[in-house]
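S.K.: Just dropping this structure here.
Nothing in this text is a laboratory measurement; each read-out follows from the coordinates by a stated rule. In this text, all values refer to a predicted model and were calculated from it rather than measured experimentally. Note that we place each Cβ from the backbone using ideal geometry, even for glycine, and neighbour counts take in every protein chain shown.
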Amino acid sequence: MAEVLIIEDDDRIRPLLMRSLRERGYAVASAASGMAGLSLAVDSRPDLVILDLGLPDVDGTQVLSMLRAVSDVPVIIASARDDDPSLVSALDAGADDYVVKPFTIAQLEARIRAVMRRTDGGRSVRRVLTVGDLEIDVAARRAALDGAELDLTPREFDLLAFLAERAGTVVTKRELLSEVWQQAWGGSDKTVDVHLSWLRRKLGESAAEPRYLTTVRGVGVRLAAPGG
Ligand code: CA
């Protein structure tokens with residue numbers, strides 16, 4: 001049974017969510033503050049976290065950043081905030097998806113299923129992708145270049161793995177937004193550009209002197225072995 005942790009301070013929404021998800025076969029735990037939720041997430045290792053942004057002690061985005069420092073658990077943000085900066089900062093902090101309040105349980109559950117499908121796929125299949133001297137262990141979520149492990153954020157890893165799966169072909173920013181950020185409905189190219197430049201730096205290269213990561217102006221980006 002999948003275990004879901006709900007971090008939500010609203011005393012009407014929290015029990016409602018708990019009951020609805022229990023009825024649908026999930027094991028559910030909950031916390032009413034950011035710090036309580038964080039310690040529960042670390043101790044009880046849930047399969048998925050549903051996180052509110054407006055919490056009484058620390059902002060949900062901060063909870064997410066702290067959680068991401070220690071865990072890759074899938075996180076769905078459930079918030080009344082629907083402005084672009086809130087969405088972008090939550091997704092940049094490592095959220096896997098975002099639902100805007102008010103949402104239906106059916107919608108939330110569909111997103112839970114989608115997020116779990118993606119992460120279960122990653123967990124059960126051990127695959128190592130190789131591009132030149134770059135090695136990406138998809139299941140272990142580790143990447144190394146010339147034998148030295150790269151220190152990547154969860155998002156940078158997702159980005160690198162996605163590009164490595166399509167090594168040698170040009171991937172558009174639109175594809176990256178929809179597949180890596182799950183923002184089929186919008187999102188900003190700038191988010192992609194920023195993460196690409198961070199990833200580039202960690203690969204020890206620059207846009208001016210690319211080795212693995214080449215920008216194809218007006219089209220997208222391609223990961224390929226140098227000289228390949
Ligand atoms: Ca709240």
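S.K.: Under the condition of being farther than 20 Å from ALA80 by Cα and in a loop (DSSP other than H, G, I, E, B), which residue from region 18-39 is farthest from the ligand (Cβ to nearest atom)?
M.R.: Checked region 18-39; the qualifying residue farthest from the ligand (Cβ to nearest atom) is GLY25.
S.K.: Something else: Can you pull out the residues in region 1-17 that are under 15 Å from ILE76 (Cα atoms) and either within 16 Å of the ligand (Cβ to nearest atom) or in a helix (DSSP H, G or I) (or both)?
M.R.: Within region 1-17, LEU5, ILE6, ILE7, GLU8, ARG14, LEU17 meet the criteria.
S.K.: Also, quick follow-up: Can you tell me which residue is nearest to the ligand (Cβ to nearest atom) among those in region 41-78 that are of a type in the set (D, E, K, R) and under 12 Å from the mean Cα position of the chain (by Cα)?
M.R.: ARG68
S.K.: Specify the residue that is surrounded by the most Cβ atoms within 10 Å (Cβ to Cβ); the eligible residues are those in region 11-29 that are touching a residue at least 12 places away in the same chain (Cβ under 8 Å) and charged (D, E, K, R).
M.R.: Looking at residues that are touching a residue at least 12 places away in the same chain (Cβ under 8 Å) and charged (D, E, K, R), I get ARG14.
S.K.: Mind checking which residues of region 79-110 are under 12 Å from the mean Cα position of the chain (by Cα) and within 16 Å of the ligand (Cβ to nearest atom)?
M.R.: ALA90, ALA95, TYR98, listed by residue number.
S.K.: Go through region 195-210 and report how many residues are out of contact with any helix residue (DSSP H, G or I) (no Cβ under 8 Å at 6 or more places or on another chain), in a helix (DSSP H, G or I) and more than 12 Å from LEU223 (Cα to Cα). Give the steps one after another, and end with the answer.
M.R.: Quick first cut of region 195-210, residues out of contact with any helix residue (DSSP H, G or I) (no Cβ under 8 Å at 6 or more places or on another chain) only: 197, 200-201, 203-205, 208-209.
Next, from what is left, pick out any that are in a helix (DSSP H, G or I): 197, 200-201.
Those left that are additionally more than 12 Å from LEU223 (Cα to Cα): 197, 201.
Total meeting the criteria: 2.
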